[in-house]
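Let me begin by presenting the structure, written as structure tokens, before commenting on it.
The values are calculated or read from the model by the stated rules, or taken from the named source; none is laboratory data. Here the structure is a predicted model, which is why all the values come from computation and not from measurement. No Cβ is skipped: glycine too gets one built from the backbone with ideal geometry, and neighbour counts run over all protein chains shown. We work out accessible area using only protein heavy atoms, side chains counted, and drop any ligands, DNA or RNA first. Shrake-Rupley method; radii C 1.70, N 1.55, O 1.52, S 1.80 Å.
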Amino acid sequence: MESPEYCEINSNTTLDYINRLLMEEGTDEKANIYQRHDALQAMEKPFYDILGQAYPSSPKETMISRDTQVDCPQDNYSEQACSGSFFTDILGPQGMHLVANDWASECDYLSLQFERGAEEANKFVPSIVKLVDLDSNGLPDSNQMIKATIGQKGKHVSKIQSHPHVDLEFLEAKNSKHLAISVSETTRDEMFDSVLLCDWQFHCDVAHLREIKAKEANSSSQNVRRKGYGQGQMKSRGKEKEEGIDLRAHLMQCAQAIVVNNLPFASELLKKMRHHASPYGDGSQRLALYFAIGLEARLAGTGSQMYQKLMEKRTRATDMLKAYRLFNAVCPFARVAYYFSNQTIADLLNGRPKVHIIDFGITLGFQWPSLIQRFAKQGGPQKLRITGIDVPQPGFRPRAIIEATGKRLAEYAEMFNVPFEYQGIASQWEDICIENLNIDNDEVLIVNCMYRTKYLGDETEDIDSARDRVLRTMKRINPEVLILGIANGMYSSPFFLPRFREVLFHYSALFDMLDATALQSDEDRIQIERDLLGASALNVVACEGAERIERPETYKQWQVRCLKAGFKQLPVNKAILKRSIDEKNKHYHEDFVIDEDSRWLLQGWKGRIMHAVSSWKLKESYTNQ
């Protein structure tokens, strides 16, 4: 046992040491304010990142000049948003008083942060959306589900279906990221309404695009005549070289060189293509840019990492809406497919009171606002249910998109006074459990699946492929109709060279289509080419095995799969086909193709079929086992 004298000496030493620390801290108090704030910032910032919000600037940062320029690096795939007055944009009017040199100001700042945190927490109170998160066994993560219905008077009635111990689990989960509804951006505004609901906006876009496209073509031809006038044979060697290079041939030669491991020749070709390729050039130059990036990534063995980074990059719904608006103006693919699906649903209802649409691959749900509007105008069902299924997103918010989609659709249902219920399920399609779909016996059951089946695994991954398992799941759902839209393609070969040749032909048609129909300088066109076409081409060219997720099949291959799964194909409605062709002839380029083959409605460009859509029903009634 220690002596009292030793304890007294030890206590005095300790107190003296603590006193010196306190005295030192007192002299450096102001300097340490910012050190303490840095530690606080380091703890808080990840939570702001989870919410998808910019972290408010610190007091120390506000002392830096508000005119500081921030130069953001740019590459072929991503553009960082830069601002000439970065700190002013972050702080805003409320942040100007946060510059502090004493404890009072620091405490005010911390209080404000606490209040902001409380405000964010209030936003997490569940409403409108009913969410189910499945684990690997197809079971809910918790024993609670949030339901919302919108009645005839537009009132939100939220109710919780309780199971044992639901109250405790719900209270414990309130601050979980799995229940956080993304509120960092608008789910619906006038721009959404004009694009998703208004035909007049579409007609204005088409007319405006045609007018500007004609001026662009006229200006281009005048520039060519002006440059060629009086020059005779004075063209530079560089110009001759640029005009004579065949970028597609170079891409094919480069792929062949990679296959035979002739790396010096492949590198030489890539260097030459980099000199001529451009995201702002003609269609072949843009195609060459993104395919060259894929070939370079394949050579370096970085394809999977590059593609993963692209998939983790979150694109705002408003940016996707702008791209979708341009795509509709230049191309009939989405409008025709959605018209086919919505008209098929409307024809099937025939006055029946309840309809339940199970949408595999709902993503942003752009298809459904026009159907909700149609039900309101023409007298639709007494109740509309939509179950949106999609794979979890990478990152900390795996259900952010599917939650925002449900919220947006609920707002449209309220806007048009349509009784509505939404359920979002974040799961791999092949792991869906039928019980979680909450199917009622008295509702018209419809399965809708548009253009996402190419991401399902095929027989190169598993003899019992994910594609066949999903079709069997759809059969067990026992829908009155299955509406299937597929991206038609033959670039799923496990062998690189034939796959590269076919994907090159396929994407050549897509880039040629955009070159003929969209403006060269349109930023939304550049986004489509970079973030959608470029990213998909990168995956096909630079990735192998399970990491290569782009695996489209032809409509005839999908026809065989559906027949094998127990479905019977329905004929294409002649009225739907006729109106689709009429709309194409009226609004779109003459080189677009809409036709029928083997009970599929086909769409393509210059003879190459890009998309196909058809409807199916079970060969015989199926009873869930």
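Brief remarks follow.
- Relative pair counts by distance (%), Cα atoms of the stretch 498-616, 5 Å bins: 2, 9, 16, 18, 18, 17, 13, 6, 1, 0
- For the residue pairs Lys313/Lys454; Lys407/Lys586; Lys215/Lys271, the alpha carbons lie more than 25 Å apart in Lys407/Lys586; Lys215/Lys271.
- Dmax and Rg, reported as Rg then Dmax, of the stretch 392-486 (C-alpha, Å): 15.3, 48
- Applied to the stretch 264-269, the Karplus parametrisation 6.51 cos²θ - 1.76 cosθ + 1.60 on θ = phi - 60° returns per-residue 3J(HN,Hα) values of x, 5, 4, 5, 5, 5 Hz, with x for Gly and Pro.
- Considering all different alpha carbon pairs of the stretch 344-416, the Kirkwood hydrodynamic radius works out to 13.1 Å.
- Taken over the stretch 313-459, the percentage of Cα pairs per 10 Å bin, counting from 0 up to the bin with the maximum distance, is 10, 39, 38, 12, 1.
- For the stretch 393-435 and the stretch 466-517, distance of Cα centres in Å: 24 Å
- The convex hull drawn around the Cα atoms of the stretch 550-589, when projected onto a plane and averaged over every direction, covers 4.6 nm².
- The gain in end-to-end length when the Leu532 to Glu544 segment is fully stretched comes to 2.4 nm, 0.36 nm per residue minus the alpha carbon separation.
- Mean shadow area of the stretch 307-348 over all directions, Cα convex hull, nm²: 4.4 nm²
- Rounded percent of accessible protein surface that carbon and sulfur make up, the stretch 396-442, 1.4 Å probe: 49 percent
- You can think of it this way: the chain between His203 and Tyr280 has 25.0 nm of extra reach, that is 0.36 nm per residue less the Cα-Cα gap.
- Using equal-weight Cα scatterers in the Debye expression, the normalised intensity of the stretch 439-534 in log10 at q = 0.17, 0.20, 0.22 Å⁻¹ is -0.93, -1.06, -1.14.
- The H on the amide N of Glu596, modeled in the peptide plane, is under 5 Å from the matching H of Leu602, each at least 5 residues off or on a different chain.
- Theoretical FRET efficiency, 1/(1+(r/R0)^6), r = Cβ-Cβ of Val260 and Ser493, R0 25 Å, to 0.05: 0.90
- Counting every alpha-carbon pair across the stretch 271-396, the share separated by more than 25 Å comes to 50%.
- Average accessible area per residue (Å²) across the stretch 473-527 - probe 1.4 Å, nucleic acids and ligands excluded: 31 Å²
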